[in-house]
1. Would you please name the residue that is nearest to K73 (Cα to Cα), looking only at residues in region 135-179 that are part of a loop (DSSP other than H, G, I, E, B) and among the small types (G, A, S)?
2. Taking into account only those residues within region 140-179 that are in contact with a strand residue (DSSP E or B) (Cβ under 7 Å, 6 or more places away or on another chain) and on the phi > 0 side of the Ramachandran plot, which is surrounded by the most Cβ atoms within 10 Å (Cβ to Cβ)?
3. Considering region 89-127 alone, what residues qualify as being surrounded by fewer than 18 Cβ atoms within 10 Å (Cβ to Cβ) and within 18 Å of G142 (Cα to Cα)?
4. Kindly provide the set of residues from region 9-42 that are under 15 Å from V77 (Cβ atoms) and either modelled with pLDDT under 90 or not aliphatic (A, V, I, L, M) (or both), ordered by number.
5. Any chance region 124-134 includes a residue that's of a type outside the set (S, T, N, Q), assigned to a strand (DSSP E or B) and over 16 Å from V165 (Cβ atoms)?
6. Which of the residues belonging to region 73-123 are under 21 Å from G166 (Cβ atoms) and in a loop (DSSP other than H, G, I, E, B)?
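The values are calculated or read from the model by the stated rules, or taken from the named source; none is laboratory data. Just so you know, these numbers come straight off a predicted model, no measurement behind them. Here the Cβ positions follow ideal geometry from the backbone for every residue, glycine too, while neighbour counts run over all protein chains shown.
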Amino acid sequence: MSRIGKIPLVLPKEAKLTVSPTSVQVEGPKGKLSVSLPYGIKVEQKDGNVLITRVSDAKQTRADHGTLRALLKNMIVGVTKGHAKDLEIQGLGFRGQATGQKLSMILGFSHPVEFMVPKEVKIATPKPTEIKLESADNILLGLVAAKIRAIKPPEPYKGKGIRYVGEVVKRKQGKSVTK
């Protein structure tokens, strides 16, 4: 048995789980998410718990067992509490502004950069150098945050660019002057 996959998931009262032969759907106050069931994995609901079992011990089925449990856990947390990612912009004159689902940023390029955020992700800029992202879908949230960071990743000499809050950028020494 998978050590992760055999642990039952606790389903909160506000979340509703629907299992079909090919997919699992989780619905809650923050939204509705679904994942397709891999071959050889069964999902059942008993007494407010979600149990994930596998039919065989094939290598792929064993791998899918723990992965599906982790995905379901993230989906349940997402539709009840939601997921959040915070980004920060560092650099002189670098700033961002969110209007609706569009993020406009000035990052030292010759033009402002505009990024359209999917409607499933809520975006806010409480300060010009902070970007807050919230969504029920953890996978989509991480993808959007990575795409925003990829526009101007932090460079190693001065650390200018977009980074996750708390991310440590390995700094390099600049040119040294020899006399």
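1. Filtering region 135-179 for residues that are part of a loop (DSSP other than H, G, I, E, B) and among the small types (G, A, S), the one nearest to K73 (Cα to Cα) comes out as A136.
2. Applying the filter and picking the extreme gives G161.
3. Result: Q101, K102, F115, M116, P118, K119, E120, K122, A124.
4. Matches in region 9-42: P12, K13, E14, K16, E27, G28, P29, K30, G31, K32.
5. Within region 124-134, not a single residue is of a type outside the set (S, T, N, Q), assigned to a strand (DSSP E or B) and over 16 Å from V165 (Cβ atoms).
6. Scanning region 73-123 gives K81, G82, G91, F94, L107, V121.
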